[in-house]
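Trainee: Dumping the structure here so I can ask a few things about it.
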Amino acid sequence: MTSVGIDAIEIWTGNLTLDLPGTFAPEKGEDPEKYTKGLGLHASSFPDTYEDIVTMAANASLRLMERKDLEPEDVGRIDVATESAFDNSKPVSTYVAGCLEEVYGSDFHHANKGERKFACIAGTQSLNDAYNWIASGRNRGRKALVIATDTALYARGDAGEATQGAGAVTMLVDEDPDLVEFSAEQGYGSADETDFLKPNQQFPSVDGKRSVQVYLARMREAMEDFEAAGGDTHPDNFAYIPFHTPFPGMVRKAAALGYRHALRGTDIESDLADEIGRQPRPEAFDDQEEYLEAIKEYTDALTETDHYRDWYARTVDPTLDVSREVGNWYTASVHLARASALRSALDAGTDLTGERLLVGSYGSGAQAEIHAETVQPGWRDEIHQLNVEEQLEERYDLSWDEYEQVHDAHNHDVDSDVESFTTPSGEFVFDGWGRMGERQYRYVE
Ligand code: CAA
């Protein structure tokens, strides 16, 4: 069977940052530790006035194409996943292709372009589409650009305001990939839910507390489906487990649930039995509420054990390093988590070749997906090329007043003429509106 997966990855953060404990918390009259410890966030990335989902996507894609020495004719497919689209007809991928064509002087006229929507899981769905296109042999040797790009902005005063973020991840999907190979096994957990939605509006309507419960319920379902497909979920069999990361505190909950579910009936459950007992089984309870309470108590005790803490520190915590500094990138967030983990392994000098990742994606509305990936021999060279640290350090640190101006500048209902805070260099910028209301872009040397 053809080996298909991610050959290369590039990250582009918005050029501005907001310090959550230092700037946001005092304005909200809240304890900074609610952000650093509770949500697990230190900062959010924001787009400057000349940035949007197209510029960030095009910038990440240009970096990737240049370092992989690709020409437009090598690309047979460009899919953009986003939940921040500004047009109900013309897909963002056409804008991105237009930007890249300006630099290359040749075109993507034979590439199939599209836009995927299912909240934050659309990036993973686009990877899946690319996998199927290549595995079916319809790609004729060409590669797919899969781009996840979002400006995750909430209405001012919404509880989600603390979890905002902006950035793009471009992934090159190809045969015999250099970075990770996808497993054929997949599991889904999907249900009609009303937890987070944008019914023809820019900022989301969110039932925050419920969205957390829906994330967990769908993720558990996806695990069960993955296991039914023959997928392995033993927690010790994976080097890293990147999850969709709206904020690291959410991943803390998902990891505990997943670990408890996966250890049921394993040697780990037996080893821990003296310390915390065996996990409650539903058949031992007449009352569902009592069972749920007992399971919660067991899970809380489990997360306090050294065994769990070591596993979490090794397998999950490194996936959160970047997310802590940038907030939620919606469709891109699980792909940022994968890159963050691989970068951490590179820094630690770990040899990951042949090791496996278990990837848990989620989109509100709601659907979770789980698949496995195997790290390929070229992973070190690929991850070494990322310049995410430099990008994070170079961001302009917003004051509270400036944050308010930037939020207004990106609010479709506010007329704003605020100047940019940074000077673009070697990147695409938004350059005003065309005669049919289309957005226009240009490359700044
Ligand atoms: N020190 C330490 N911890 C503190 C603290 C302090 N001083 N103050 C509060 N905390 C903890 C709380 O105990 C809580 O942790 P637990 O959930 O583990 O108990 C955490 O900090 C957050 O505190 P609150 O629940 O009080 O925070 P909130 O009410 O302001 O809102 C939220 C939290 C509901 C997640 C909100 O940020 C939100 O609506 N976010 C947007 C929706 C979202 O991201 N949902 C996630 C699942 S949906 C999804 O994943 C899709 C997506 O990308 C949007």
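The values are calculated or read from the model by the stated rules, or taken from the named source; none is laboratory data. On a predicted model such as this, the values are computed, not experimentally measured, just so you know. Cβ placement follows ideal geometry from the backbone for every residue including glycine, while neighbour counts extend to all protein chains displayed. Keep in mind that these areas ignore ligands, DNA and RNA; they rest on the heavy atoms of the full protein, side chains included. Shrake-Rupley method; radii C 1.70, N 1.55, O 1.52, S 1.80 Å.
Trainee: Quick one: order Trp12, Trp379 from most to least accessible surface, probe 1.4 Å.
Mentor: Ranked list, largest accessible area first: Trp12, Trp379.
Trainee: Moving on to the next point. Report the convex hull volume per residue for the stretch 146-284, counting only C-alpha atoms, in Å³.
Mentor: 173 Å³
Trainee: If you wrap a convex hull around the alpha carbons of the stretch 86-126, what volume per residue comes out, as a whole number of Å³? Could you put the intermediate results ahead of the total?
Mentor: Working: hull volume 3.7 nm³, N = 41.
Convex hull of Cα atoms, per residue: 90 Å³.
Trainee: Could I ask something else about it? Please get the size of the charge dipole for the chain, origin at its Cα centre, with Cβ charges of +1 on Lys and Arg and -1 on Asp and Glu, quoted in debye to the nearest 20.
Mentor: Roughly 880 debye for the chain.
Trainee: Report the dimensions of the stretch 328-445 along its three principal axes from the alpha-carbon atoms, largest first, rounded to Å.
Mentor: The Cα atoms of the stretch 328-445 stretch 52, 37, 33 Å along their principal axes.
Trainee: Quickly estimate the mean residue ellipticity at 222 nm for the chain, helices only: each DSSP H run with n ≥ 4 gives -39500 (n - 2.57), and the total goes over all residues, rounded to 500.
Mentor: It lands at -11500 deg cm²/dmol.
Trainee: Please report the carbon-and-sulfur percent of the accessible area for the stretch 4-119; probe 1.4 Å, protein heavy atoms only, DNA, RNA and ligands left out.
Mentor: Details: 1780 of 4120 Å².
Roughly 43 percent of what the probe reaches on the stretch 4-119 is carbon or sulfur.
Trainee: Could you work out the relative contact order of the stretch 4-444, using alpha carbon pairs under 8 angstrom and six or more residues apart, expressed as a whole percent?
Mentor: Value for the stretch 4-444: 25 percent.
Trainee: Taking the chain on its own, what percent of its Cα-Cα pair distances exceed 27 Å?
Mentor: Beyond 27 Å sits 51 percent of the P(r) for the chain.
Trainee: Taking a probe of 1.4 Å, how large is the accessible area per residue of the stretch 328-387, in Å²?
Mentor: 26 Å²
Trainee: Under the classification rounded if a/c is under 1.5, otherwise prolate if a/b is larger than b/c and oblate if not, where does the stretch 14-162 fall, given a ≥ b ≥ c as square roots of the Cα gyration tensor eigenvalues? The partial results should precede the final answer.
Mentor: Details: a/c = 2.57, a/b = 2.14, b/c = 1.20.
Verdict is prolate for the stretch 14-162.
Trainee: Something else: In sequence order, what are the phi-derived ³J(HN,Hα) couplings for the stretch 27-41 according to the Karplus relation 6.51 cos²θ - 1.76 cosθ + 1.60 with θ = phi - 60°, rounded to whole Hz, with x for glycine and proline?
Mentor: Here the 3J(HN,Hα) series is 5, 8, x, 10, 5, x, 6, 4, 7, 6, 9, x, 7, x, 10 Hz.
Trainee: Diagonalise the Cα gyration tensor of the stretch 151-223 and give the resulting equivalent ellipsoid semi-axes, square root of 5 times each eigenvalue, largest first, whole Å.
Mentor: Numbers: eigenvalues 171, 78, 22 Å².
Over the Cα atoms of the stretch 151-223, the ellipsoid semi-axes are 29, 20, 11 Å.
Trainee: Within the stretch 199-218, name every residue whose backbone N is under 11 Å away from a label modeled 7 Å from Cα of Ala191 along the Cβ vector.
Mentor: 213-218
Trainee: Cross-link list Lys34/Lys198; Lys117/Lys198; Lys68/Lys117; Lys198/Lys253: which exceed 23 angstrom alpha carbon to alpha carbon?
Mentor: Listed pairs above 23 Å: Lys34/Lys198; Lys68/Lys117; Lys198/Lys253.
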